[in-house]
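Everything on this sheet refers to the single structure shown next.
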DNA sequence: CGACGCTAAATTGTATACAATAATTTGCAC
DNA sequence: GTGCAAATTATTGTATACAATTTAGCGTCG
């Protein structure tokens, strides 16, 4: 069900089979912005949708809440997370904090094969940018995140990899909420620049480019506090 | 139930009440090394212990598995995590990667009050080191981790704070498994040095000290692969 | 006409029941 | 007595049932 760069990812999971699938499906839907922030995810609905009992639906929603994609409120249910501007800032602050280090670690271990895989991912990303239609747009969103995920995978640290998965997914939510233009075209070329620096073993430049890249994404956000909805609109979604 | 530096921590949780308590209780037991790595945590036992149904016990164990403290194997149950040497390396690599950045961020925001709180935590830590007895030893373990957690809390980034909670907790497991001497005395003075650097607004020195501190902890580990237990001992725990 | 309060419906919280899988014991043959 | 196999027991996986809480609808009252 996952598309592109899954040869490297080892999702660690040894546990549940069904829950895993449901969790991944919902996560993909959130990351690809088919599910808008704030959308209610009732246990019955989710269970019905995947033909399982509420037990498993609930477990999947719980799991998603641990990665910050779903917020579950006691006695009220689960909702697609609606990150506040402050949360958004913290997510990007975390990315600025960890991504250079991850990149540095990846640069030390990267093989020619992996460099080629990165290039290929970039190509795919570029191809999708040319296409039209919602589904191409979704794949493009996914591919642009997969670049950062693949770098994390190359770093060889499963813990940082998992953490980056969380950060990338939550970033997608933030961009959905606060993004202004579709910054993707600019982001795409920046990915390419980073790969080039990596090819030349220029770690410092790569890290700088990465920081700029993150800053660019963040600069496209309009992180003003939305006044907490006119009393009614907030609950009539 | 938590002891010292909880004024700063906001566990975010809005969900379950009972599950939360169980999760925290088991986590404390693991971090304080009352539960040895590899110990089986059967759902019935956990539920019985806290007077709740298997449903809630299971939820708590799932939660713990998401933070890497418990590993649940399909159809076999949950066990206190038994990190491999490779995992241990990755945990400390992750700490080296993020703690300088967290410290830097904390240094920018720290207030005199918080500096005093850090000093006080250090004092408490030192006091416990003098005491004898298992319970003092446990409190000491906790306090030494709380130093890093408080720095993360001061950084003001809830995401990095949560991540550090995971890393500190998992470190405790690693030390329980692979630690040689009780390195705590040396670690204690290093905590003090970091605070001093912080007081003098010397961020670079503070970061260097932090890296050395982490390196010292890691240097005390014997990360050789234990041959996978002589066939019987592995299952007769 | 809007605000308050009550009842009914829907949804979540928790426990229990049953099915499926793994661990243990028993029994038999060698 | 040892080794293997079947049966028994225990434990996890999943669904369902019931309790508690919230939400929605509705009628009354100001």
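Bear in mind these aren't lab numbers, they're just calculated from the coordinates by the rules spelled out. Just so it is clear, the structure is predicted and the values come from calculations on it, not from any experiment. Using ideal geometry, Cβ is built from the backbone for each residue, glycine included, and neighbour counts are taken over all protein chains shown.
A point 7 Å from Cα along Cα→Cβ stands in for residue B:134, and the other copies hold the same point at 6.0 nm, listed in rising order.
Neighbour counts of other Cβ atoms within 10 Å put B:216, A:188 in the fewest-to-most order B:216, A:188. Plainly put, the tip 7 Å out from Cα toward Cβ on residue A:202 is 3.5 nm from that tip on each other copy, the closest given first. GNM on chain B, alpha-carbon springs under 10 angstrom: the most fluctuating residue among B:87, B:125, B:166 is B:87.
Taking the longest Cα principal axis of chain A as reference, the axis of helix A:85-109 is set at about 40 degrees. Helix A:158-178 and the longest principal axis of the C-alpha atoms of chain A enclose an angle of approximately 70°. Label-point distances for residue A:226 to the equivalent site in the other copies, using a point 7 angstrom along Cα→C-beta, read 5.2 nm when ranked shortest first. Measuring from each Cβ of chain A to the axis that turns chain A onto chain B, the shortest distance belongs to A:66, 2 (residue, then whole Å). Distance in nm between label sites at residue A:45 and residue B:20, each 7 Å beyond Cα in the beta-carbon direction? Going by the 7 Å Cα→Cβ label model, 2.5 nm. By the helix-only formula, in which each DSSP H run with n ≥ 4 contributes -39500 (n - 2.57) and the sum is divided by residues, the protein assembly as shown has a 222 nm mean residue ellipticity of -22000 deg cm²/dmol. Against the main long axis of the alpha-carbon atoms of chain A, helix A:112-130 sits at an angle near 60°. In terms of its alpha-carbon gyration tensor, region A:18-80 comes out rounded; the largest-to-smallest axis ratio a/c stays below the 1.5 threshold. Taking every residue in B:56-62 and counting other chain Cβ atoms within 10 Å of its Cβ, the average works out to 2.
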